[in-house]
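See below for the structure under consideration.
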Amino acid sequence: MNRQPIVSLENVTKSYGGINALESANFELYPGEIHALAGENGAGKSTLCKLIAGVISPSDGTVRINGEVVKLSAPKDASERGISMVYQETSLVPQLTVAQNMVLGREKTFNSVRKVRNAARQVLQRLNFKVDPSQLAGSLSTAKRQMVEIARAVLNQAKVIIFDEPTAALTPEETDHLFDLMKTLQAEGVAMIFISHALEEALNHSDRISVLRNGKLVVTGNADEFDRGSLIHHMIGEELNEKMHVPAKRHEARSALPVLRVENVRMGSMVNNMSFSVFPGEITGIAGLIGSGRSEVAKVIMGHTKRNFGGGRIWLDGREVRYSLPAQAVADGIAYVSEDRKLDGFFDTLSISENIGLGWMAKFGRRALLAPLRKMRRISREWEGKLSIRSIGTDQSVLYLSGGNQQKVVIAKSLVQQPKLIIFDEPTRGVDVGAIAEIRQIVRQFAESGAGVILISSYLPEILDLSDRILVAKSGTIVADFPRADATATKILHAAIH
């Protein structure tokens, strides 16, 4: 293209604690272009978009808007330059009206309620959105909330609109309407970026497609240069794909009685008749896209979601169970390593010893206060040694450990309970390479001890490296079940996306 890009990133990197979420990315967006981003979970798509939208700032590299080098330190900086982002989870204020949400941050431009309402109504009518500007945003459906987000961008005269998974919660009819709208905006010269895990959407509704893998932008081309197979090939990587075909050299689970059986479990709109079993000594991997119901079914098993439980049956060692509190699941021998260690995994004001000790005390239930403290400290020290937790001592606050060592504390807190089943939800997220290898070895050793393991991971190489059996979740149900010897990255992605 000979035109000047409206947005360009030059060797842009974004790091978190030494880990690159985006590495040396070069990206260009042109006026009137619809540009799709494809890639696995954690590939760097959202990071790239948030950099352009001013939500986060780059660690290195240059951002240009209309050829001018800019520093986008906040969404307001991007908005002032005509850039808006429509998130999968909308950012509308539920207690405000549609019109008030549309002018939020620009109230001084309109000096009366009537002018606010009229401006909102004009944009909504222009976009053919059947939404009442005086209606409270909190009463709108997901699709209509998204419409209001788009209308707000148009009212702000946005020249760039970024859509993060715009169709994830829409019906087919709503999806068609959204893409029709994008074509209308394109004709007016608006440039758009959209993230989608539905590869057909990228192929059918974009002008160009960029594929990201492991934080790197690996290819950009015209949409008609790709097909579904080539996109998946770029998402996985040729060298990696060949490695993934090698089956794991571990024992097959030998027990006929599953340690866990889940049958037709439902929870709201996130878990829809999900069924599977886990056997002793087996690592059961659950792959799938974000929002596929993987973490949600783990929380159902643990009793985190009593109010939203919609039905189904769960058996532990052949005995039917239903937990209303996580403590009940722990008492029965189920442990859970959360995907968010800082929120759910440890107490940052407590020491290593105290955190691991809390896990040990959890076995005692109401008798926890009678647990001998000297024994608790001794056991904590033993587990610190077993998992090679690097610290200045067991009395060190967990807050000051590295991410990898914090995660080991969380895992130790679960393993000290001597569970018969453990659920690892994204166990290596946000830790360094050395810690990743150590944590994976911990997972293997736990399964070798004869316990059951559920491994939830968005990183396909991890699923393929560790799992004896791989389930694929989509839209709240299990859509594929592969023995490890039959599983490949391509098969898993096809099942998750198709």
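Evaluate the charge dipole of the chain about its Cα centre and quote only its size in Debye, nearest 20, assuming +1 on the Cβ of each Lys and Arg and -1 on the Cβ of each Asp and Glu. Write out the running numbers ahead of the final one.
Values: 60 positive and 54 negative charges, 390 e Å.
Magnitude of the dipole: close to 1880 debye.
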Next item on the list: Pop the C-beta distance of Asn11 and Ser275 into the FRET formula with R0 = 56 Å and round what comes out to the nearest 0.05.
Entry: 0.70
Next item on the list: Please list, in chain and number order, the residues 5+ apart from Phe163 or on another chain whose amide H is under 5 Å from its amide H, with Hs placed from the backbone.
Entry: Val86, Ile193, Phe194, Ile195
Note to self: Going Cα to Cα from Lys76, which aspartates and glutamates come in below 15 Å? Please leave out same-chain ones fewer than 8 positions away.
What the structure shows: Glu107
Item checked: Length added when fully stretched, Thr109-Glu200, from 0.36 nm per residue minus Cα-Cα -> 28.7 nm
Notebook entry, point to check: Could you give the Stokes-Einstein D for the chain in µm² per second, using the C-alpha Kirkwood radius, 4 °C, 1.567 mPa s?
Noted result: 52 µm²/s
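For Ser230 and Ile19 in one chain, what is 0.36 nm times their gap in residues minus the Cα-Cα distance, to one decimal in nm? Could you put the intermediate results ahead of the total?
Numbers: separation 211, 0.36 × 211 = 75.96 nm, distance 2.79 nm.
Full extension from Ser230 to Ile19 adds 73.2 nm.
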Note to self: Between helix 403-415 and the chain, what is the angle of the helix's C-alpha long axis to the longest principal axis, kept within 0 to 90° and rounded to the nearest 10?
What the structure shows: 50 degrees
Check: In degrees between 0 and 90, to the nearest 10, how far off the longest principal axis of the chain does helix 433-448 point, with axes built from Cα atoms?
Finding: 50 degrees
Notebook entry, point to check: For the range 101-114, in order, what is each residue's ³J(HN,Hα) by Karplus, 6.51 cos²θ - 1.76 cosθ + 1.60 with θ = phi - 60°, in whole Hz (x at glycine and Pro)?
Noted result: 5, 5, 9, 4, x, 10, 4, 5, 5, 10, 9, 7, 4, 4
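More than 27 angstrom separation, counting every C-alpha pair in the range 260-497; what % is that? Don't jump to the answer; show the numbers that get you there.
Numbers: 9232 of 28203 pairs.
Counting every Cα pair in the range 260-497, those more than 27 Å apart make up 33 percent.
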Notebook entry, point to check: Of the peptides 70-80, 20-30, how do they stack up when ordered by the mean number of other Cβ atoms within 10 Å, highest first?
Noted result: 20-30, 70-80
Next item on the list: Take each of the peptides 182-188, 196-202, 404-410, average the number of other beta-carbon atoms within 10 Å over its residues, and list them starting from the highest.
Entry: 404-410, 196-202, 182-188
Margin query: I'd like the distance between the alpha-carbon centres of the range 256-272 and the range 91-141, rounded to an integer number of Å.
Written below: 42 Å
Check: What percent does the relative contact order of the range 260-497 come to when contacts are Cα pairs within less than 8 Å and at least six residues apart?
Finding: 30 percent
Note to self: Can you give me the distance in nm between label points at Asp132 and Lys386, each placed 7 Å from the Cα along the Cα-to-Cβ direction?
What the structure shows: 6.1 nm
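List the pairs from Lys50/Lys130; Lys71/Lys342; Lys413/Lys474; Lys342/Lys491; Lys71/Lys159 whose alpha-carbon separation is above 26 Å, in the order I gave them. The partial results should precede the final answer.
Details: Lys50/Lys130 29 Å; Lys71/Lys342 30 Å; Lys413/Lys474 31 Å; Lys342/Lys491 34 Å; Lys71/Lys159 18 Å.
Correct reply: Lys50/Lys130; Lys71/Lys342; Lys413/Lys474; Lys342/Lys491.
Run the numbers for Ser139 and Lys216: contour at 0.36 nm per residue of separation, minus the present Cα-Cα distance, in nm.
On the way: separation 77, 0.36 × 77 = 27.72 nm, distance 3.99 nm.
Extra length from Ser139 to Lys216 when fully extended: 23.7 nm.
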Notebook entry, point to check: Using the Karplus equation 6.51 cos²θ - 1.76 cosθ + 1.60 (θ = phi - 60°), what ³J(HN,Hα) coupling, rounded to whole Hz, does each residue of the range 35-45 give in order, writing x for Gly and Pro?
Noted result: 10, 8, 10, 10, x, 5, 4, x, 6, x, 5
Note to self: Place a point 7 Å from Cα of Gln186 in the direction of its Cβ. Which residues in the range 129-159 have their backbone N less than 17 Å from it?
What the structure shows: 159
Checklist line | Degrees between helix 373-386 axis and first principal axis of the chain (Cα, 0 to 90, nearest 10) | finding: 70 degrees
Next item on the list: Determine the calculated [θ] at 222 nm for the chain from helices alone, applying -39500 (n - 2.57) to every DSSP H run no shorter than 4 residues and normalising by the residue count; nearest 500 deg cm²/dmol.
Entry: -10000 deg cm²/dmol
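Leu343 to Leu399: FRET efficiency via 1/(1 + (r/R0)^6), r the Cβ-Cβ distance, R0 22 Å, to the nearest 0.05?
On the way: r = 14 Å, r/R0 = 0.62.
It comes out at approximately 0.95.
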Note to self: At 7 Å along Cα-to-Cβ for each site, give me the label-to-label distance between Glu263 and Leu350 in nm.
What the structure shows: 3.7 nm
Checklist line | Estimated vicinal HN-Hα couplings, Hz - the range 146-152 in sequence order (Karplus 6.51, -1.76, 1.60; Gly, Pro = x) | finding: 5, 4, 5, 4, 5, 4, 4
Margin query: Given an 8 Å cut-off on Cα distances and at least 6 residues of separation, report the relative contact order of the range 19-128 as a percent.
Written below: 15 percent
Next item on the list: Give me the distance in nm between label points sitting 7 Å out from Cα along the Cα-to-Cβ direction at Arg3 and Leu325, one decimal.
Entry: 6.2 nm
Note to self: Quick query: amide H of Leu96 versus all other amide H atoms, modeled in the peptide plane; which residues come in under 5 Å with a sequence gap of 5 or more or a different chain?
What the structure shows: Ala137, Gly138
Check: Using modelled backbone amide H atoms (1.01 Å from N, in-plane), which distant-in-sequence or interchain residues come within less than 5 Å of Ala335's amide H?
Finding: Leu421, Ile422, Ile423
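Bear in mind that the values in this text are calculations on the coordinates, not laboratory data. Bear in mind that the values here come from a model prediction, so they are computed numbers and not experimental data. With ideal geometry, Cβ positions are generated from the backbone for all residues, glycine too; neighbour counts draw on all protein chains shown.
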